[in-house]
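Have a look at the structure below, then the notes.
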Amino acid sequence: MTLAQELDKIYYFMKRDIISFSTYKTNILLSIVSALFGALSYAFWGANASMPSVQNLGMPVVTYLLIGLAFNTYLSQSLTLVQRTINPWSLEEVLVSPTGLVTFIVGSSLWGFIWSTLVIVIYLSVGVFAFGVILSINIVGTIIVVGLGIGTFIGFSMIGAGVLILTKQGDPVTTIITLATNLFGNVLFPISVMPLPLQIISFFVPQYYFFTCIRPMLIGQGIGAILPDLAILGVMCAIILPVGYLVYAWCLKTARKNGTLSWF
């Protein structure tokens, strides 16, 4: 083989990959948007490192960031739950077995939530012992907020899994929700540091209400302090969770009808 022939092979391998990549236009767009929104998120964080607006919430900046990063673990776990536990490669096996889908989801996801809980404990322990973070956990309030947050994101996960079953080309729902969490979700910085149009968008995403509710529950406040936001989160969960189930069921039924359930 001559050097020219080897270079030709390298060129055609590269050309093949470029053509393959370019056919997934949605994924290309989502990748670009992800980079843009990620840059915006950390730009806001960096530009407001002192975050005086956080001080107005009654907690130090480190406490604010610690709780946001820690409890985002639950949302991330929930958002990819259905895709990981009932992926298109194992769907047919589940559907022909006597095990119900709900049982399979719960059984397959239980360890993931246990691990997420351990991660959160590590986050909070580091904050308490290494940085002097003071926590006073409202256990009942925390369980309620976490339950609503997980339920809402499982709804998103079912929508994303349904889209994945039909399109076979990726899950734009998960990407979009992740972007919304990072930028509009009140995870790394309060929405008050953003321009007003972006602040308004935050009020339409459940992530904002989750993190607005969970922080007071970790610093000793009562449920009464978060009731308006908690009510909105509850309504969103009551809508998104059943809608997610219906979308997933419809996509699953459509794929079975078309005979494309395992086409990957």
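The values are calculated or read from the model by the stated rules, or taken from the named source; none is laboratory data. Source: prediction; values computed, not measured. Cβ atoms come from the backbone with ideal geometry, glycine included; neighbour counts cover every protein chain shown. Note: areas computed on protein heavy atoms with side chains; ligands, DNA, RNA excluded. Shrake-Rupley method; radii C 1.70, N 1.55, O 1.52, S 1.80 Å.
In table form, for the structure just shown:
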item	result
Residue in the stretch 218-234 that is over 28 Å from Ile134 (Cβ atoms) and in contact (Cβ under 8 Å) with a residue 60 or more places away in the chain present	yes
Checking Gly151 against (1) surrounded by fewer than 21 Cβ atoms within 10 Å (Cβ to Cβ); (2) without any contact (Cβ under 8 Å) to a residue 40 or more places away in the chain, the condition it does not meet	(2)
Unique residue being surrounded by 14 or more Cβ atoms within 10 Å (Cβ to Cβ) and either among the hydroxyl-bearing types (Ser, Thr, Tyr) or touching a residue at least 24 places away in the same chain (Cβ under 8 Å) (or both) when the list is Ser136, Ser157, Ser125	Ser157
Every pair of residues 6+ apart whose Cβ atoms lie under 6 Å, when the first sits in the stretch 57-76 and is more than 19 Å from Ile143 (Cα to Cα) while the second is open to solvent by 30 Å² or more (accessible area, probe 1.4 Å) and outside any helix (DSSP H, G or I)	Met59/Ile219
The stretch 219-239, subset part of a helix (DSSP H, G or I) and small (Gly, Ala, Ser), residue surrounded by the most Cβ atoms within 10 Å (Cβ to Cβ)	Gly234
Residue that is least open to solvent (accessible area, probe 1.4 Å), among those in the stretch 176-218 that are outside any helix (DSSP H, G or I), within 19 Å of Ser157 (Cβ to Cβ) and not small (Gly, Ala, Ser)	Val187
